[in-house]
1. Looking only at region 571-594, count how many residues are assigned to a loop (DSSP other than H, G, I, E, B) and either under 20 Å from Glu489 (Cβ atoms) or free of Cβ contacts under 8 Å to residues at least 24 places away in the same chain (or both).
2. Of the numbered conditions (1) under 22 Å from Gly266 (Cα atoms); (2) in contact with a Ser or Thr (Cβ under 8 Å, 6 or more places away or on another chain), Thr365 fails exactly one; give the number of that condition.
3. Return yes when Leu372 is over 30 Å from Ser408 (Cβ atoms) and modelled with pLDDT of 80 or more and no when it is not.
4. Considering only region 432-452, I want to know if a residue exists there that is farther than 18 Å from Ile381 by Cβ and of a type outside the set (Ser, Thr, Tyr).
5. Out of (1) surrounded by fewer than 23 Cβ atoms within 10 Å (Cβ to Cβ); (2) on the phi < 0 side of the Ramachandran plot, the odd one out for Val241 is which?
6. If only one of Val488, Val501, Val533 is more than 23 Å from Ala463 (Cα to Cα), in contact with a strand residue (DSSP E or B) (Cβ under 9 Å, 6 or more places away or on another chain), outside any loop (DSSP other than H, G, I, E, B) and not acidic (Asp, Glu), which one is it?
7. State whether one or more residues within region 146-153 are among the hydroxyl-bearing types (Ser, Thr, Tyr), part of a helix (DSSP H, G or I) and exposed (fewer than 13 other Cβ atoms within 10 Å of the Cβ).
8. Looking at (1) loosely packed, with under 12 Cβ neighbours inside 10 Å; (2) of a type in the set (Lys, Arg); (3) within 51 Å of the chain's Cα centre (by Cα), which one does Arg466 not meet, given that it meets all the others?
Amino acid sequence: MAKSVAKEKNLRTPIVCVMGHVDHGKTSLLDKIRGTAIVDGEAGAITQHIGATEVPLDVISRICGSVPKGKFKIPGLLFIDTPGHHAFTTLRSRGGALADLAIVIVDINEGFQPQTIEAINILKRYKTPFVIAANKIDRIHGWDPHPMSSFISSFNKQPEHIRSILDTKFYEIVGKMYELGFSTDRYDRIRDFQKTIAIIPISAKTGEGLPDILMVLLGLAQKFLESNLEYHATGPGVGVVLEVKEERGLGITLDAILYDGEIRVGDMIAVGTLAEPIVTRTRALLKPRPLSEIRAEEKFKQIKHITAAAGLKISAPMLDDAISGAPIRVVTKENTDEISREIMSEIEQTRIETDNVGVIIRADTIGSLEALVNELKSQEIPIRKADVGNISRRDIIEAKALEDPLYSVILGFNVDILPDALDELQKSDVKLFMSSVIYQLVDDYEEHVEEQTEMTKKQKSEAVIRPGMFRLLPDHTFRQSKPAVVGVEVEGGIIRTRLNVMNEEGSRIGLIKGIQENGENVGEARYGAQVAVSIEGPIIGRQINEGDLLYIEVPEKHAKIVEQELIESLNPDEIETLEKYLEIKRRGKPFWGK
């Protein structure tokens with residue numbers, strides 16, 4: 001009944017992305033859904049497509065116990081089985097998200113992690129409805145599992161102190177979601193699912209809460225998405241590239257999601273690239289063999305025809321330049337040029353505005369690239385070049401040309417580095433950061449900027465001549481001239497060899513040739529030290545006298561850097577010395593060093 005109505009209405013299967021932090025249970029949830037159907041002897045009922053798991057309505061009805069007949073017009077649910085949020089950012093249509101719904105899985109015991117927040121921010125940006133699956137309730141110490149039961153049924157059978165522990169953990173998730181700008185509650189307490197995000201406690205291991213999450217997803221799809229799920233049952237196929245893969249015996253293939261119309265073997269298709277779209281003819285359409293045939297020697301089963309929504313593998317010539325996230329369209333000779341222009345326009349809309357100076361970024365898909373760019377721009381990090389694909393030797397050479405260490409950087413999201421690029425990297429000072437978490441990439445880069453800034457400041461500080469003053473000690477003249485050698489005490493700052501010195505009138509007296517401390521030659525002396533200095537130029541008793549206060553001569557450019565950039569790093573005695581020095585230099589020139 002439900003299936004026939006769905007065909008009349010031409011409602012395609014809603015596409016559901018499963019997102020969340022590593023090890024929080026994304027794969028386990030899908031495995032449980034698949035496994036339940038297999039145990040029920042329905043290995044063929046769940047269609048295991050490429051990168052997707054299709055769960056028909058009758059299977060959901062069996063898992064849930066019952067689904068009211070006639071209420072649901074959609075054929076079932078299509079879960080995208082791809083790690084992290086890769087599928088979500090890849091599955092895009094005309095600049096928006098293709099996924100109709102999402103599940104964000106959170107380990108109820110560990111709480112929110114970087115990828116959890118990243119997933120929620122992406123969903124927020126694309127305005128995609130989602131639910132929170134609070135997973136691993138079975139790991140709460142003392143939990144009494146009730147496999148495959150509804151959450152409420154299992155929860156009501158737990159001891160009171162266990163229910164209290166779960167409630168505490170649950171409200172920590174509610175609080176975190178509030179910080180992120182969302183109103184949330186337990187799914188059974190919600191009246192308006194458009195205003196409040198549903199949280200469904202589950203165990204992907206025992207299946208507790210599984211009926212609830214499937215029912216909530218069906219309800220959301222039916223109530224709020226019905227108009228978005230209409231598709232052309234017999235129109236030309238429209239899809240998106242999930243992944244570009246090389247398969248043994250097939251060459252380069254496309255893992256794809258077909259979300260509208262149909263595609264047949266022999267159809268001409270146009271596929272997006274970073275340049276002109278590829279126009280080619282499908283050689284084969286493939287899907288994995290059913291789970292019951294897992295021992296079959298052939299990995300894939302050939303099919304002649306497939307209708308949306310579904311995952312499939314496409315084999316065709318000339319697919320090398322196809323990119324993840326790009327559109328796929330079935331075309332005819334008459335409309336090839338028009339559709340190619342539409343595809344180019346769609347990809348052109350995702351082009352990143354770049355700066356003259358900035359970092360180079362690479363990502364695995366168009367959508368991932370957009371997500372990374374949005375995050376970098378929110379942190380005001382300039383981008384010089386942004387591309388889809390693995391890191392190339394050209395990327396390294398371009399980054400190397402930027403001599404500024406803050407921007408001689410490449411950020412790679414979910415990509416590899418090509419062998420010749422790795423060789424080039426090892427011969428350069430280019431900094432490479434790679435991660436499958438956008439936040440991690442941004443954090444790594446900001447840490448690099450902090451380190452480089454500190455290093456630059458330190459190098460500048462060491463290169464800049466700092467203020468210093470010293471007094472000639474009475475009865476400590478060892479030689480009057482050529483050079484004059486005299487005992488001194490450093491009364492502020494630092495004195496070094498090979499620096500000019502001046503008197504309190506601002507006149508240059510001579511050059512410090514050497515410094516001795518306890519009979520040893522040293523390069524510098526700091527505040528409080530008593531040392532012997534040799535000064536080339538003056539004669540003691542004429543140009544200088546015992547008791548005189550002399551200053552290290554600081555060039556105007558250096559004085560400006562010290563006063564404006566390094567002042568916070570100066571000691572109190574250095575600040576006092578600088579003030580006295582500037583007072584002398586500015587007697588007749590009030591803007592000296594400003």
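The values are calculated or read from the model by the stated rules, or taken from the named source; none is laboratory data. In this text, all values refer to a predicted model and were calculated from it rather than measured experimentally. Note that we place each Cβ from the backbone using ideal geometry, even for glycine, and neighbour counts take in every protein chain shown.
1. Qualifying residue count for the region: 6.
2. That leaves (1) as the condition not met.
3. Numbers: over 30 Å from Ser408 (Cβ atoms): no; modelled with pLDDT of 80 or more: yes.
Considered against the rule, which asks whether it is over 30 Å from Ser408 (Cβ atoms) and modelled with pLDDT of 80 or more, Leu372 comes out as no.
4. Here is the first cut: in region 432-452, the residues farther than 18 Å from Ile381 by Cβ are 436.
Keeping just the survivors that are of a type outside the set (Ser, Thr, Tyr) gives none.
No, because not a single residue in region 432-452 is farther than 18 Å from Ile381 by Cβ and of a type outside the set (Ser, Thr, Tyr).
5. (1)
6. Unique residue meeting the criteria: Val488.
7. Checked against the condition, which is being among the hydroxyl-bearing types (Ser, Thr, Tyr), part of a helix (DSSP H, G or I) and exposed (fewer than 13 other Cβ atoms within 10 Å of the Cβ), region 146-153 yields no hits at all.
8. (1) is the only condition that Arg466 fails.
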